[in-house]
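As structure tokens, the structure follows; a few thoughts come after it.
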Amino acid sequence: ICLFFSSSEWMQLVTEQVFNPDLGLWLPSVNNQICMQINPACHVSCPDDHLIYFRFLGRIMGRALFDRQLIQGHMARYLYKHLLGWPITFDDLEAQDEEYYNNMKQFTRMSPDELSQLYLDFTVTEDYLGYHHTVELVPGGSRKEVTAENLTEYMVAILRYRMLERNKDQILELLLGFSDVIPEPFLAVFDPNELELTLCGLPSIDMDDWMSNTVLTGNLKKQPGKVIKWFWKIVRDEYDQEMKARLLQFATGTSGVPSKGFACLQGNDGNIKRFTIHGVDHLQYPYPRAHTCFNRIDLPNYPTKKELREKLKAALTMYSSRFDME
């Protein structure tokens, strides 16, 4: 039996298999089950050829971008930033694992005595298939105590390890494969969100499904008022498919829509976590804010539809560049 596939079908079939967690190379992201992150234990599950797969995937992604074809698989956002050569920030750590990020922020609120009582050093412990392995974040890290004076150095070392060093060989192969096909100057026109949308395509968003599976909380729970009506009217009537996809990226961390619709949108724990609009005071929060691990937008109660339109557009624009709007 001979089977013939078009190049677009072949790319989608191949990338669907490579991103399949059963292969052992990728895992669902902590914050979003649709986004895939590199499996830190892939060298254990695929000891002989895991790096070959990442070089291969990089070339497939580069070819797909060059030929304007689509792939089947959304990566965690910081990996698109690596492909583009953008700097990685603590915002990316928050988007990847908000619970871990919040735990780290607690260190900055501690007094020097409280911090010293934790007995932290410059190491992390990894668990590979039940085997615990200690990794030094800096040379001699096991003998270097974390203090108030070197806390910033410690947090930067954690960021560098979680976002790069942990999977440095795999990321390098992915980048080399990608750059084999796409010259670096060609990428200057993209931001990470645009690169995801170009590679994975614009999602088919059913607005009725999205709206009917949205939860209202905060000051919108008892009195939705005009703000929520304005919000949906702007999204439904004024946003094209790309802007709707960017709003979805802003709120959930990816443009991917669950195959069974918004009723099956998952949170960072793998459980159903429906899209949520949380009403807040516009005097306290001037711009909409997103919490991707909860699939939630904090929406200020603006007095006019015009202000809502302008501030929401600004928030989506700022998200692309990862500016802090506070």
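Can you tell which of ILE88, TRP210, LEU70 lies farthest toward the positive end of the dipole of the chain, using +1 and -1 charges on the Cβ of basic and acidic side chains (Lys, Arg; Asp, Glu)?
About the Cα centre, the residue reaching furthest to the positive side is TRP210.
Taking just the C-alpha trace of the chain, give me its Rg and Dmax in Å.
That works out to 21.2, 72 Å for Rg and Dmax.
Roughly how many Å² of TYR287 are accessible to a 1.4 Å probe, to the nearest 10?
Answer for TYR287: close to 70 Å² accessible.
Assign unit charges at the C-beta atoms only (+1 for Lys and Arg, -1 for Asp and Glu), then state the dipole size of the chain relative to its Cα centre in Debye, rounded to the nearest 20.
Roughly 1300 debye for the chain.
Can you pull the accessible area of PHE294 for me, 1.4 Å probe, Å² to the nearest 10?
90 Å²
Given a 1.4 angstrom probe, what's the average accessible area per residue across the chain, in square angstrom? Display every interim value, and only then the final one.
Values: 16870 Å² over 326 residues.
So the chain comes to 52 Å² accessible per residue, rounded to a whole number.
By accessible area of protein heavy atoms, probe 1.4 Å, what ranking do ILE272, ILE71 get, highest first?
Ranked list, largest accessible area first: ILE272, ILE71.
With +1 on each Lys and Arg Cβ and -1 on each Asp and Glu Cβ, how big is the dipole of the stretch 19-126 about its Cα centre, in debye rounded to the nearest 20?
Details: 8 positive and 14 negative charges, 134 e Å.
It works out to roughly 640 debye.
Taking the Cα centre of the stretch 136-221 as origin, work out the dipole magnitude from +1 charges on Lys and Arg Cβ and -1 charges on Asp and Glu Cβ, in debye rounded to 20.
460 debye
Quick one: order SER212, SER204, SER29 from most to least accessible surface, probe 1.4 Å. Don't skip to the answer; put the middle values down first.
Numbers: SER212 85, SER204 105, SER29 5 Å².
I get SER204, SER212, SER29, largest accessible area first.
Considering amide H positions built from the backbone, and no H for Pro or chain starts, which residues 5 or more places from THR123, or on another chain, come under 5 Å of its amide H?
Placed amide hydrogens put LEU137 under 5 Å from THR123.
Any chance you could run the full-extension gain for SER142 through LEU70? It's 0.36 nm times the residue separation minus the Cα-Cα distance, nm to one decimal.
Extra length available between SER142 and LEU70 comes to 21.4 nm.
Of ARG55, ARG160, ARG109, which has the most accessible area and how do the rest follow, probe 1.4 Å?
ARG109, ARG160, ARG55
Using a Förster radius of 25 Å, what is the FRET efficiency between MET211 and LYS313 based on their Cβ-Cβ separation? Nearest 0.05, please. Could you put the intermediate results ahead of the total?
Details: r = 20 Å, r/R0 = 0.79.
After rounding to 0.05, the efficiency reads 0.80.
Restricting to bridges with both residues inside the chain, how much of the DSSP beta-bridge set is antiparallel, in percent to the nearest 5?
On the way: 14 of 26 bridges.
Taking every DSSP beta bridge with both residues in the chain, the antiparallel ones total about 55 percent.
Tell me, what HN-Hα J-couplings in whole Hz come from the Karplus equation 6.51 cos²θ - 1.76 cosθ + 1.60 at θ = phi - 60° for each residue of the stretch 82-91, using x for Gly and Pro?
For the stretch 82-91, the Karplus-derived couplings read 4, 4, 8, x, 7, x, 8, 10, 5, 4 Hz, x marking Gly and Pro.
Tally up the carbon and sulfur contribution to the accessible surface of the stretch 1-126 as a whole percent, 1.4 Å probe, everything protein left in place.
53 percent
At a probe size of 1.4 Å, how large is the accessible area of ARG274, to the nearest 10 Å²?
We get 100 Å² for ARG274.
Using a 1.4 angstrom probe on heavy atoms only, work out the carbon and sulfur share of the accessible area of the stretch 205-293 in %.
Carbon plus sulfur share of accessible area: 48 percent.
Before rounding to the nearest 500, sum -39500 (n - 2.57) across all DSSP H runs of length at least 4 in the chain and divide by the residue total; then give [θ] at 222 nm in deg cm²/dmol.
Result for the chain, helices only: -13000 deg cm²/dmol.
Karplus couplings for the stretch 285-291 from phi (6.51 cos²θ - 1.76 cosθ + 1.60, θ = phi - 60°), rounded to Hz, Gly and Pro as x?
After applying 6.51 cos²θ - 1.76 cosθ + 1.60, I find 10, x, 10, x, 10, 10, 10 Hz.
How large is the Kirkwood hydrodynamic radius of the stretch 209-252, in angstrom, based on all distinct alpha carbon pairs?
11.4 Å
Report the net charge of residues surrounding ARG236, where surrounding means a beta-carbon distance below 14 angstrom and charges are Lys +1, Arg +1, Asp -1, Glu -1.
Working: positive: LYS229, LYS233, LYS244, LYS305, ARG309; negative: ASP206, ASP208, ASP209, ASP237, GLU238, ASP240.
Value of the local net charge: -1.
Quick one: which residues, 5+ away or cross-chain, put their amide H under 5 Å from the amide H of ARG296? H built at 1.01 Å from N.
For ARG296, whose amide H was placed from the backbone, the distant partners under 5 Å are THR276, HIS291.
Among SER29, GLY253, SER116, whose Cα lies farthest out toward the positive end of the dipole of the chain, if unit charges sit on the beta carbon of Lys, Arg (+1) and Asp, Glu (-1)?
GLY253
Over the Cα atoms of the stretch 90-244, Rg to Rh with Kirkwood Rh, two decimal places?
1.10
Going by the alpha-carbon gyration tensor, a ≥ b ≥ c the square roots of its eigenvalues, is the stretch 164-258 rounded (a/c under 1.5) or, if a/c is not under 1.5, prolate (a/b greater than b/c) versus oblate? Working shown, then result.
Values: a/c = 3.24, a/b = 2.26, b/c = 1.44.
Prolate is the answer for the stretch 164-258, as a/c is 1.5 or above and a/b outweighs b/c.
Net charge within 15 Å of GLU114 by Cβ-Cβ distance, Lys/Arg positive one each and Asp/Glu negative one each, not counting GLU114 itself?
-1
With the crude spin-label approximation of a point 7 Å out along Cα→Cβ, what separation in nm comes out for GLN17 versus THR89?
For the pair GLN17/THR89, the computed spacing is 4.0 nm.
Report the per residue volume, in Å³, of the convex hull enclosing the C-alpha atoms of the stretch 69-128.
Roughly 143 Å³ of hull volume per residue.
The values are calculated or read from the model by the stated rules, or taken from the named source; none is laboratory data. Quantities reported herein were computed from a predicted structural model and do not represent experimental measurements. Glycine gets a Cβ as well: all are built from the backbone with ideal geometry, and neighbour counts include every protein chain shown. Areas reflect the complete protein model, heavy atoms only, side chains present, ligands, DNA and RNA absent. Shrake-Rupley method; radii C 1.70, N 1.55, O 1.52, S 1.80 Å.
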